[in-house]
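*Asks:* Input: one structure, supplied below.
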Protein chains: 2
Amino acid sequence: MEWLIAPISAVIALLVAIYLYYYVKRQEPGTKKMREISGAIQEGANAFLKREYKTLAFFVVIVAVLLGIFVPEPIWMTKTIAKNLSLALAYMFGSFSSALAGYFGMDVALKANVRTANAARKGLNTAFPISFRGGAVMGLSVVGLALLGVSIVYGITGDPAIVLGYSIGASTLTLFAKAGGGIYTKTADVSADLVGKVELGIPEDDPRNPAVIADNVGDNVGDVAGMGADLFDSYVACIMAAMLLAVGLLPGVSPMENRFVNLTLIFAGLGIIASVLGVAVVRVGKRGDPGKALNLGTYITCLVFGVLTLVTTIYLQIGYEIWGATVVGLIAGVVIGITSDYYTSINRPPARTTAESAKTGAAINILTGFSYGLISVFPPLLGIAVASASAYFLCESVSPGFGVYGIGMSALGMLSIVGTIVAGDAYGPIGDNAKGIAEQSGLGDEVIKITDKLDAAGNTTKAISKGFAIGAAGLTALALLATYQQIVKDLLGKVIVFDLMDPLVMLGVLIGITVPCLFSALCMLAVSKNSSIMIEEIRRQFREIPGLKEGKKGVKPDYAACVDIATKAALKALLPLITMSILITLGVGFICGIKALAGYLAGSIFSGFLLAILMANSGGMWDNAKKYIEDGHYGGKGSDAHKAAVIGDTVGDPFKDTAGPSLNTLVTVISQIASLFAPLIVAYALIGL
Amino acid sequence: MEWLIAPISAVIALLVAIYLYYYVKRQEPGTKKMREISGAIQEGANAFLKREYKTLAFFVVIVAVLLGIFVPEPIWMTKTIAKNLSLALAYMFGSFSSALAGYFGMDVALKANVRTANAARKGLNTAFPISFRGGAVMGLSVVGLALLGVSIVYGITGDPAIVLGYSIGASTLTLFAKAGGGIYTKTADVSADLVGKVELGIPEDDPRNPAVIADNVGDNVGDVAGMGADLFDSYVACIMAAMLLAVGLLPGVSPMENRFVNLTLIFAGLGIIASVLGVAVVRVGKRGDPGKALNLGTYITCLVFGVLTLVTTIYLQIGYEIWGATVVGLIAGVVIGITSDYYTSINRPPARTTAESAKTGAAINILTGFSYGLISVFPPLLGIAVASASAYFLCESVSPGFGVYGIGMSALGMLSIVGTIVAGDAYGPIGDNAKGIAEQSGLGDEVIKITDKLDAAGNTTKAISKGFAIGAAGLTALALLATYQQIVKDLLGKVIVFDLMDPLVMLGVLIGITVPCLFSALCMLAVSKNSSIMIEEIRRQFREIPGLKEGKKGVKPDYAACVDIATKAALKALLPLITMSILITLGVGFICGIKALAGYLAGSIFSGFLLAILMANSGGMWDNAKKYIEDGHYGGKGSDAHKAAVIGDTVGDPFKDTAGPSLNTLVTVISQIASLFAPLIVAYALIGL
């Protein structure tokens, strides 16, 4: 029963999260104006989430019913209808948990940002803890809810295959949250910038801009709720994958008796304890550097995790090789995060060269950022390649067949520190929003400068955690591919080789490559299309509301109209997008069979990685290139170089915040759907095995 | 000896090419001013080619010596030094043939463009044949020289393995020609546009612009010589691959006795005959449509090829399945070409929506074009997937092991009509240049309108042939992967499965994915960097040469300075680029072994395809979106939408003319290098098989 360490540490994480939540809530929310603005943001965000969750509730229930009918076996053929039922329930539970984590995190973020802005009036070391602890609530509730959910499902059913249902529930909800939030936030952001900054020349976050509230809402629903859900999904999926791979190591042994299954949960639990400690040490002095404090938290978490798992390995007398695979994953995660920081940081050559190239115009600026984005694909892919191969060979040396379990454990190692990572990541938008609120309520330059400092540190952690999320999703996807192979093997009683030279596998790969392309294209087109609508609305308001442009006292734009457009448009774009991805997946499986589907999964992993990294990093680079110019280089704000860089930044926005980050989740979702439907596909595929 | 139909039809093609060359040369080259301009272009182009070929000659000789020493076996270990020697000689011969085809084509294009401009004064139906026959010289000399070269090497050595040497020679030269020409042409184009059109507001091709000659030279070295070399390379590689795969079908039978080896050459020869006929029927009436005439030529070629090969199949009593695979490839090529036209044509929704989005600014215009570019990846990948799988299963039904030969034959089927395709493609830049010359020599609106019509038809054929080139390279790459497996099998005496779940294969795939990313990024960065230098030079000339800006009579810019910058910069960027690609390939092979290298090849094919299609199509879309606006939509020339579209077009230029088209060749080169070094890698790889 050592695995109970998992639910216990999950509960501890949740208790700490609740404690921090009340800490944040206790702080002063500031002046009337500040409360007004934050109230409007809260209202918009709640409206969006409510609408989104309502739409999703329908979707989730329908899918749950379909799953209950068809998988793992159609109910008219199965003897154990209980399994269908538990799978459907687990699916709903997974969706619910992911939604809850997103909601919690967003709620505290909305509370934290106004309080951070208010505290910034007293200084950096008063403001920082509020913003960071706001982020920590998100981080700890993500890991706490995730591991608690997995433990409950596993504890009740004792069957990792049902955990797959829970994981798919979490993943589909995440896909909605990421893609929907991403479309929402960039529609608002791009429209607000294009009319406000470019056409009218009014500053960012200016309260006259009708889209400003929608923009602030977007930061929260996209960045906070979205990224939280993203790592929730990878975290659950990788635990589930490692559990299923462990089951295959000792055939005939019930999962509960299988020490490798339990080890998965134990290590996950230890990761949470490490995260709680890591979060606890993050502090910053009066003149301190928030960025350093955040990094320290990450390193402490890694160290504690490494030591705890080593001690456990010795105590439980499990091979060092498995511990080694876990640590390899952890190190790879950190390395990938750091290289992704290199390619986006404002202090490094790529972003600076991109900024310099803006001198010769927007086109060259875009080409330069895009090129560096392509180059930045190299380190993370190499990192994932080396990590997975090392983990495989380490564990394969224990006993044949352990290699793939090693890949699962290295993914788990990478994701073990996810609590700290999400805490640092959610901190980012809180600082950003605090800055926005400070600007909109006119708190003065000194305060804005402090919030700026918070924001800047947030941008770095955000870059690192995006790289980290991609790396983690990458290793998880490889583990999921292995899981799929294992499931197929169990079904057919023999190993099916996914030979690249098999024309069906190759067909699958080639089609799989296109799915992330289609998905990200449709996300971005939704942003372009929705922005056009919103831009018209913003222009209309400036035209028709007298005194708005001049900033006449008492004249307010109709914020709600913009919030409404962004909400509706995002939800409308979502359903076809996700239905398409699922249908192509099932289509390939049911028409061309198991092998083609394996190729398809691999293909989607390949192009999904490539595009996710390219988009995240080039987007980040353009953003920082613009900021670098705004800091006074190459002519500073208002220069031609700045105008060019703003265009680059606007191209990058949907790259890095809409299309790029959804791709991880897309890959996870289709991999798990393939695993879930494998039995049906084996039975009914038209051609091929 | 039926295979002798190959050299015979190659000679016929060359004779027809020579006839057409003299036809073009006989035409009037126009007024003194026209001859002056065309003389300057010719001079610049020759200077570039001379310098490029001189650099390459060094490279080729060094590589030939290295090959002679090391492959197929190190000379100190081999018993048959003759094989090393023939391989080295074949390599040099391949490089030479490819260079010669490029030079021929460019020479006639340079003659044809001024003569076309002159003939346009008399009307469309006088001008069209000159431009088209100019293109036809290129098309027929490409296929003629290629097939003659292959036949000579094969006839002398009787060994398809030596043909591999010839093919690598052609491919490396092509890679230089494409990447070098691509960097050259876009450096000149981007710089000329940015200073001329954007900063000073002078028209395109204005003789005051110091970069105008470099720009015109670039069109020729990039588009004409580059695309010719590109298809030369794919054509030779696919014949070679099909031959090597055929050898594996009848082990123990000498190649010359192997009817499937000979069938490869026979079908290639019939393709040339079909192309000669297809070229011959292209004619246009007084009010005719050049685009339709060109398409008719393509369809006739396909039809003739289909019939001739069918008759041959019956006569030689070879299974219809093999003929079927060939035809499948042919159809797939045409379909891919047509879809690629859909995504770039000025008359279709993608380009028009992209144009419309320019109303909301450059950023949305770029996002829209990029998104459609991502979507456009779907049809060609699906086409290649279905074609290769169908060809495989058709031929595998003949006898086990014939499947991969089917893939080779379908690639050959696709490339059989290459003569006609290159003719139509090379026609494009001739029309474009004729327009440029007409503008620079002030021939008047009526003439410019006619050259415009020629140019517009050229843009469509260019889009189709780019799609076609990508499809052909795709199928060829799959055939090369199969060839690699075959070579490994022959070396080790057993089939090596490239299992996707093998961690070394996966490691290879992940690294392979990054190589096209790095390559295209470095190409584009070279363009950005070189443009900055050239832009400074253009600005300097406008600043320092009195009367230049005002267009004072007799004042001429220093064209040669710009030509010189473009030439030097392109060559300087090339060597590290290509050396890097080769070293990574050999590094993966010698460190991680045969399986990892197989994964690596597959990975480079995957991302190479994706990026090549994305870049070619989004680039074409932005170009045509701009043209659509210039036709008077959304405010027409000079409007804000137009300015935004010009930025999109400038981003697209290096996408579609530098990075995108080189990727095909990159993939071919590394696939062949892997095949060539397979024996050494088997013997010396550090880890793995």
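*Asks:* What FRET efficiency do you get for A:I62 and B:L310 if R0 is 45 Å and r is their Cβ-Cβ distance, rounded to the nearest 0.05? Walk me through the numbers on the way to the answer.
*Replies:* Details: r = 52 Å, r/R0 = 1.16.
Calculated transfer efficiency: 0.30.
*Asks:* Using Cα pairs closer than 8 Å and at least 6 residues apart in sequence, work out the relative contact order for chain A, in percent. Let's see the in-between values first.
*Replies:* Working: 1343 pairs, mean separation 142.1, N = 689.
Once divided by the residue count of chain A, the mean separation gives 21 percent.
*Asks:* Continuing with the same structure: Counting only other residues whose beta carbon sits under 9 Å from that of B:D649, what net charge do I get with K and R as +1, D and E as -1?
*Replies:* Numbers: positive: B:K626, B:K627; negative: B:D193, B:D623, B:D653.
Overall, the nearby charge balance is -1.
*Asks:* Below 17 Å, Cα to Cα, which lysines can A:K122 reach? Residues fewer than 8 away in the same chain don't count.
*Replies:* A:K286, A:K435, A:K449, A:K453
*Asks:* Simple spin-label model, 7 Å along Cα-to-Cβ: A:V495 to B:A82 in nm?
*Replies:* Result: 4.5 nm between the two label points.
*Asks:* Would you mind computing, in nm to one decimal, how far apart the modelled labels at A:D445 and A:I591 are, each placed 7 Å from Cα along Cα→Cβ?
*Replies:* 6.4
*Asks:* Per the helix-only calculation at 222 nm, which mean residue ellipticity applies to chain B, given -39500 (n - 2.57) for every DSSP H run of n ≥ 4 and division by its residues, nearest 500 deg cm²/dmol? If you can, show how the numbers build up before the last one.
*Replies:* On the way: 20 runs with 553 residues, N = 689.
Only helices count here, giving -29000 deg cm²/dmol.
*Asks:* What do you get for Rg/Rh over the stretch B:626-689 if you use C-alpha atoms and the Kirkwood form of Rh?
*Replies:* Numbers: Rg = 22.8 Å, Rh = 15.5 Å.
Across the stretch B:626-689, the Cα-based Rg/Rh ratio is 1.48.
*Asks:* With a 10 Å Cβ neighbour count serving as the proxy for reagent exposure, in which order, fewest first, do B:D455, A:D425, A:D445, A:D230 appear? Kindly include the intermediate steps, with their values, before the conclusion.
*Replies:* Numbers: B:D455 22, A:D425 29, A:D445 9, A:D230 32.
Ascending Cβ contact count within 10 Å gives the list A:D445, B:D455, A:D425, A:D230.
*Asks:* Ranked by Cβ crowding within 10 angstrom, fewest neighbours first, how are A:K549, B:K595, A:K466 ordered?
*Replies:* Values: A:K549 14, B:K595 24, A:K466 30.
Ordered from fewest to most neighbouring Cβ atoms within 10 Å, A:K549, B:K595, A:K466 come out as A:K549, B:K595, A:K466.
*Asks:* Also, quick follow-up: At a 10 angstrom cut-off on C-beta neighbours, averaged per residue, how do the peptides A:179-185, B:7-13 rank from highest to lowest? Don't skip to the answer; put the middle values down first.
*Replies:* Values: A:179-185: 31.7, B:7-13: 20.9.
Order by mean packing, descending: A:179-185, B:7-13.
*Asks:* I need the per residue convex hull volume for the protein assembly as shown, using only the alpha carbons, in cubic angstrom as a whole number.
*Replies:* Values: hull volume 219.9 nm³, N = 1378.
Cα convex hull per residue, to the nearest whole number: 160 Å³.
*Asks:* Note down the net charge around A:V488, summing +1 for each Lys or Arg and -1 for each Asp or Glu among other residues with Cβ under 12 Å from its Cβ. It would help to have the intermediate numbers written out before the result.
*Replies:* Values: positive: A:K489, A:K494, A:K595; negative: A:D490.
Residues near A:V488 contribute +2 overall.
*Asks:* Could I ask something else about it? Quick one: how many lysine pairs does the stretch A:588-681 have with C-alpha atoms less than 16 Å apart and a gap of 8 or more or different chains? Give me the count, please.
*Replies:* Numbers: A:K626/A:K637; A:K626/A:K643; A:K626/A:K656; A:K627/A:K637; A:K627/A:K643; A:K627/A:K656.
Close lysine pairs found across the stretch A:588-681: 6.
*Asks:* Quick one: order A:T339, B:T461, A:T174 by neighbouring beta-carbon count within 10 Å, fewest to most.
*Replies:* Details: A:T339 21, B:T461 27, A:T174 33.
With the fewest neighbours first, A:T339, B:T461, A:T174 line up as A:T339, B:T461, A:T174.
*Asks:* For B:M1 and B:I75, compute 0.36 nm times the residue count separating them, minus their Cα-Cα distance, and round to one decimal in nm. Spell out each step's value before the answer.
*Replies:* Numbers: separation 74, 0.36 × 74 = 26.64 nm, distance 3.34 nm.
23.3 nm is the gain from fully extending B:M1 to B:I75.
*Asks:* Please report, for B:A47, the nm distances (one decimal) from its label point, 7 Å out from Cα along the beta-carbon direction, to the equivalent points in the remaining copies, shortest first.
*Replies:* Once sorted, the set of distances for B:A47 reads 6.5 nm.
*Asks:* Test of understanding: extend the Cα→C-beta vector of B:V253 to 7 Å, then name every residue of the stretch B:264-280 with backbone N under 16 Å from that spot.
*Replies:* B:264-267
*Asks:* Looking at the square roots a ≥ b ≥ c of the eigenvalues of the Cα gyration tensor of the stretch A:270-393, which shape do they give, rounded for a/c under 1.5, prolate if a/b is larger than b/c, or oblate? Mind showing how you got there, number by number?
*Replies:* Details: a/c = 5.40, a/b = 1.62, b/c = 3.33.
Oblate, since a/c reaches 1.5 and b/c is not below a/b.
*Asks:* According to a simple spin-label model (label point 7 Å from Cα along Cα-to-Cβ), what is the distance in nm between A:D206 and A:K25?
*Replies:* In this crude spin-label approximation the distance works out to 3.8 nm.
*Asks:* Give me the net charge of A:F402's neighbourhood, meaning all other residues with Cβ under 12 Å from the Cβ of A:F402; Lys, Arg count +1, Asp, Glu -1. If you can, show how the numbers build up before the last one.
*Replies:* Details: positive: none; negative: A:E321, A:E396.
Once positives and negatives cancel, what remains is -2.
Values in this text are rule-based calculations from the coordinates and carry no lab data. Computed from a predicted model, the values in this text were never measured in an experiment. In this analysis, Cβ positions are derived from the backbone assuming ideal geometry, glycine residues included, and neighbour counts consider all displayed protein chains.
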